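Structure record follows, encoded as structure tokens.
The values are calculated or read from the model by the stated rules, or taken from the named source; none is laboratory data. This is a predicted model, so every value here is computed, not measured. Note that we place each Cβ from the backbone using ideal geometry, even for glycine, and neighbour counts take in every protein chain shown. Accessible surface areas use protein heavy atoms only, side chains included; no ligands, DNA or RNA. Shrake-Rupley method; radii C 1.70, N 1.55, O 1.52, S 1.80 Å.
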Amino acid sequence: MKTKYFALLGMLILFFTACTLKNYSNETPNMGILVMRNHKTDTLKMYYTNEVNVFRLDTINVGDSIYFKLILNGVQNDLTEFSFVSSDTTAAKTFFPPISSLDTLFVKSKSDYVNGKFVFQPKVIQLYFPVSYVGKKVTATVPTVKISLTSNATFDNNPGGNKVSVTIQTPFEDVKR
């Protein structure tokens, strides 16, 4: 009878020592992008391109606004950094939420709001982030916006798996009247 108990005790010890008791999860962050224009009145279509993670919007007129609604999700990990960077600041202007709102979510000393770089406060897992983007002038090259998101996930076999990025091409044309 004692042999059965010792065998059961041995199996329980083996079972509990075989498990890792670390409480963490590693998931690649993701983001959702809803694109609208003219302050919520018209919708813009976004198209795939032949490049990975590069999308193209419909052509808009200079002076029109593109309104991005971004959903940033670390899944089960904390978000660490976010950026919304325009390739040509002379062709387009970016408007973020008020600085007083940004300071509640981001570390002000490490972030650069004007240039679209944000470092999250600890324990932010998911965020809804509105951005306005206004076309100022037509240029020889198509302006782009690069949106990237990083979390604190760590992967042994996939370094860089804690980051996701998307590039959106935003062609502008002059208003014809």
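When residues of segment 113-152 are filtered for being part of a strand (DSSP E or B) and either touching a Gly at 6+ places or on another chain (Cβ under 7 Å) or in contact (Cβ under 8 Å) with a residue 40 or more places away in the chain (or both), how many remain? Can you show your working first?
Residues of segment 113-152 part of a strand (DSSP E or B): 117-120, 126-135, 144-151.
Of the ones still in play, those that are also either touching a Gly at 6+ places or on another chain (Cβ under 7 Å) or in contact (Cβ under 8 Å) with a residue 40 or more places away in the chain (or both) are 120, 126-135, 144-151.
Summing the residues that are part of a strand (DSSP E or B) and either touching a Gly at 6+ places or on another chain (Cβ under 7 Å) or in contact (Cβ under 8 Å) with a residue 40 or more places away in the chain (or both) in segment 113-152 gives 19.
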Of the residues in segment 106-150, those that are open to solvent by less than 70 Å² (accessible area, probe 1.4 Å) and farther than 21 Å from GLY32 by Cβ come to VAL107, SER111, ASP112, TYR113, VAL119, GLN121, VAL134, GLY135, VAL138, THR139, PRO143
Given the criterion of a type in the set (S, T, N, Q), part of a helix (DSSP H, G or I) and at pLDDT 85 or above, identify the matching residue among SER83, SER100. SER100
Out of segment 60-98, which residues are surrounded by 13 or more Cβ atoms within 10 Å (Cβ to Cβ) and β-branched (Val, Ile, Thr)? ILE60, VAL62, ILE66, ILE71, VAL75, THR80, VAL85, THR89, THR94
Hey, PHE155 under 16 Å from the mean Cα position of the chain (by Cα) and either closer than 22 Å to MET31 by Cβ or open to solvent by less than 30 Å² (accessible area, probe 1.4 Å) (or both) or not: no
Please count how many residues of segment 158-177 are open to solvent by 30 Å² or more (accessible area, probe 1.4 Å) and part of a loop (DSSP other than H, G, I, E, B). 8
Given (1) touching a residue at least 40 places away in the same chain (Cβ under 8 Å); (2) over 27 Å from ASN50 (Cα atoms), number of the condition LYS110 does not satisfy: (1)
Within the bounds of segment 28-46, is there any residue that is at pLDDT below 80, open to solvent by 100 Å² or more (accessible area, probe 1.4 Å) and over 24 Å from PHE172 (Cβ atoms)? no
Go through the residues of segment 130-140 one by one and say whether even a single one is at pLDDT 90 or above, closer than 15 Å to MET31 by Cα and under 15 Å from the mean Cα position of the chain (by Cα). yes
Against the condition in a loop (DSSP other than H, G, I, E, B), open to solvent by less than 100 Å² (accessible area, probe 1.4 Å), modelled with pLDDT of 75 or more and under 30 Å from THR150 (Cβ atoms), how does GLU51 come out, does it pass? no
